[in-house]
1. Using Cβ contacts closer than 10 Å as the measure, can you line up A:Ser191, B:Ser364, A:Ser34, B:Ser47 from fewest to most?
2. Taking the Cα centre of region B:192-284 as origin, sum charge times position over the Cβ atoms of Lys and Arg (+1) and Asp and Glu (-1), and report the length of that vector in debye to the nearest 20.
3. If you average 1/r over all unlike Cα pairs in chain A and invert the result, what Kirkwood radius do you get in angstrom?
4. Figure the gain on full extension for B:Asp30 and B:Glu127 (residue separation times 0.36 nm, minus the Cα-Cα span) and round it to one decimal in nm.
5. What ranking of B:Ile62, A:Ile81 emerges when the number of other C-beta atoms within 10 Å of each C-beta is taken as an exposure proxy, fewest first?
6. Could the peptides B:273-283, B:36-46 be put in order, highest first, of the mean number of other beta-carbon atoms found within 10 Å of their residues?
7. What does the average come to when, for each residue of peptide B:143-155, you count the partner chain Cβ atoms lying within 10 Å of its Cβ?
8. Find the relative contact order for region B:110-269 and round it to a whole percent, using C-alpha pairs within less than 8 Å whose residues are 6+ positions apart.
Amino acid sequence: MSEETVEASAAADAAPVVPAGGQAGAKAVRRAFSSPIASFLVILLTVLWTVPTLGLLATSLRPESDVAQTGWWTFFAHPGITLSNYHDVLFNGGFGVQNGLMPYLINSLAITVPATIFPLALASMAAYALAWVRFRGSDVIFFLIFALQVVPLQMALVPLLQLYSGGAHIGSATIFPSLGLGGTYAPVWISHTMFALPLAVFLLHNFIAQLPRDLIEAARVDGASHFRVFRSVVLPLATPALASFAIFQFLWVWNDLLVALTFAGGTPEVAPLTVRLAQLSGSFGDHWEILTAGAFISIIIPLAVFFGLQRYFVRGLLAGSVKG
Amino acid sequence: MPTVTFDKATRIYPGGTKPAVDALDLDIADGEFLVLVGPSGCGKSTSLRMLAGLEDVNGGAIRIGDRDVTHLPPKDRNIAMVFQNYALYPHMTVADNMGFALKIAGVNKAEIRRKVEEAGKILDLTEYLDRKPKALSGGQRQRVAMGRAIVREPQVFLMDEPLSNLDAKLRVQTRTQIASLQRRLGITTVYVTHDQVEAMTMGDRVAVLKDGLLQQVDTPRNMYDRPANLFVAGFIGSPAMNLVEVPLADGGVKFGESVIPVSRTAVDEAAAAGDRTVTIGVRPEHLDLVGEGDALAKDGGKGLAVTVNVVEELGADGYVYGTAKVGDESKDLVVRVSGRAVPQKGEVLHVVPRSGETHVFSTSSGARLSD
């Protein structure tokens with residue numbers, strides 16, 4: 001906590017550009033939010049918001065017979081904890097369904113991690129080039145990338161699917177070969193990467209363009225090539241932006257059903273957790289204890305990612321670099 | 001160590017028509033400390049950035065030694081630059097900051113560490129090598145920026161107003177340190193500043209720029225003694241030189257009630273340009289007071305009457321800021337007086353320029369006329 005305060009004050013020192021009015025305004029807002037009534041309201045809202053998740057957790061931990069007879073809130077009066085629901089949903093299946101969730105969980109990870117890293121890597125490089133490499137037409141390219149955001153991804157599903165499965169042809173000429181990627185993760189990775197790039201480039205460009213010009217120039221005078229500047233100076237200083245985009249993208253891909261179902265299908269080899277959960281709510285409709293356990297598993301991993309990346313949200317990274 | 005040559009180097013910013021740096025011709029000798037000085041917007045920083053490769057050159061050429069570097073990227077020029085705001089890498093320790101260029105050049109770790117420690121010793125940074133820039137004071141950060149430059153042993157040092165973010169006392173101290181460090185290392189240095197005191201105290205030679213045009217390049221002494229035009233005369237020296245427009249008279253120019261002798265050729269040059277006046281420049285320390293019944297007074301009138309407005313006492317001497325009536329308009333003048341005999345506000349002094357210490361400029365072109 002104390003360290004955070006130090007960082008924050010260092011950031012305040014290093015940011016003389018903030019006009020005095022802005023600082024006073026921020027102070028007023030902070031004071032308004034730290035009043036007891038506001039605190040109480042915020043806590044109340046938070047609790048209300050969390051109650052369903054708490055019910056989910058409680059239900060998933062109760063034996064089947066309890067769930068069938070009483071509501072989840074009675075769990076606290078008569079606690080009876082079992083982990084068998086988790087065991088069932090992960091490994092056993094049963095009730096007319098064959099496998100547990102475990103292979104799908106692996107699929108989800110195998111889809112989500114590359115589908116987060118690819119756009120992050122590509123977009124940060126593109127953002128650096130658009131922000132700091134002077135070349136003709138860079139503004140036009142940036143504008144076009146930004147404009148791509150207005151295309152809804154649903155529009156692209158069918159054409160992309162055709163492209164992946166059959167390639168693209170004009171008459172007998174092949175413009176894009178059919179890659180035979182069906183039944184692999186690749187179409188899902190590629191599609192998620194494509195859909196994420198416009199926003200990622202836009203967000204990261206805005207952050208990277210804000211880095212002090214002198215810092216980039218100092219590195220170039222020190223003998224660094226563009227790639228070296230990017231790797232040694234820009235990337236370390238852009239970690240807050242990278243971390244926040246990584247969280248967004250991870251959550252989006254993790255929770256995605258549509259893209260995965262379209263490009264990977266429902267087979268146990270490639271389908272992610274979301275596809276399986278959707279099937280479960282059909283076949284296990286009555287088995288709340290199994291459903292809730294499955295849902296909780298799909299919640300816990302994004303939460304872990306969020307808390308894992310949280311430490312990269314550091315303010316005042318640039319403190320001490322440039323003065324004035 | 002090589003020389004640096006600007007050969008009609010020109011920079012026109014995109015969208016503009018007027019060059020920011022206009023056909024700059026400058027030869028910087030091996031190991032020389034050259035200071036580029038001028039008011040803000042004069043193109044001095046742009047010139048430096050052109051030499052660094054951070055700014056395109058639209059015309060002419062820049063050479064380091066015999067190598068034409070006009071269109072080379074910064075990394076291929078073997079130069080080191082100290083930025084006005086230091087531009088330290090905030091995520092690296094002081095040692096990593098100083099060793100960054102060597103690391104890129106592929107020097108091995110032990111060698112980097114040795115050189116960084118050596119530079120740290122020179123700059124008195126040894127105990128801060130493992131800190132991050134954020135944990136340093138302004139002066140220490142400035143020294144790290146210097147260290148980053150000297151560790152590389154480059155062919156040329158470029159410094160862009162490296163002292164302007166320091167407080168006044170530290171600035172004077174660091175000024176001397178940088179100058180002596182440069183003499184010791186013997187590395188050709190181009191130093192940009194807007195502060196003419198820095199320029200005069202540090203440089204082997206000083207180049208004055210205005211509106212992208214080079215006004216004069218000379219040693220500080222010559223710059224002070226023989227400014228090439230009105231702009232240089234007014235810019236170099238603190239307090240500034242008194243510049244008074246006076247009519248031509250028989251055998252010289254009329255300065256108040258006195259006639260000061262001016263060389264025949266100067267008068268002819270002014271007349272040839274169609275001028276009936278010339279501008280006389282006199283430094284504050286070259287205005288002598290004329291007492292009643294003084295030899296000077298008998299010689300050639302009572303000089304110019306100056307009404308004292310403000311007196312700045314600096315201990316050893318004092319500066320009198322006063323107003324004099326020259327022709328029809330009143331003109332502000334500065335006169336240096338002895339610290340022991342300071343006039344009162346409202347007093348009227350009579351001053352004449354010391355003979356041989358006047359500068360004569362053409363009123364129309366601003367150029368210096370022959371002595």
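Every read-out reported here was derived from the displayed coordinates using simple, explicitly stated rules and does not represent laboratory data. As the structure is a prediction and not an experimental result, all values here were calculated from the model. Neighbour counts are summed over all protein chains in view; Cβ atoms, including those assigned to glycine, are modelled from backbone coordinates with ideal geometry.
1. Ranked by crowding around the Cβ, least crowded first: A:Ser34, B:Ser364, A:Ser191, B:Ser47.
2. 80 debye
3. That comes to 23.6 Å for chain A.
4. Taking 0.36 nm per residue and subtracting the Cα distance, the gain is 31.5 nm.
5. Placing the least packed residue first, the sequence is A:Ile81, B:Ile62.
6. B:36-46, B:273-283
7. 1
8. In percent, rounded to a whole number, it is 11.
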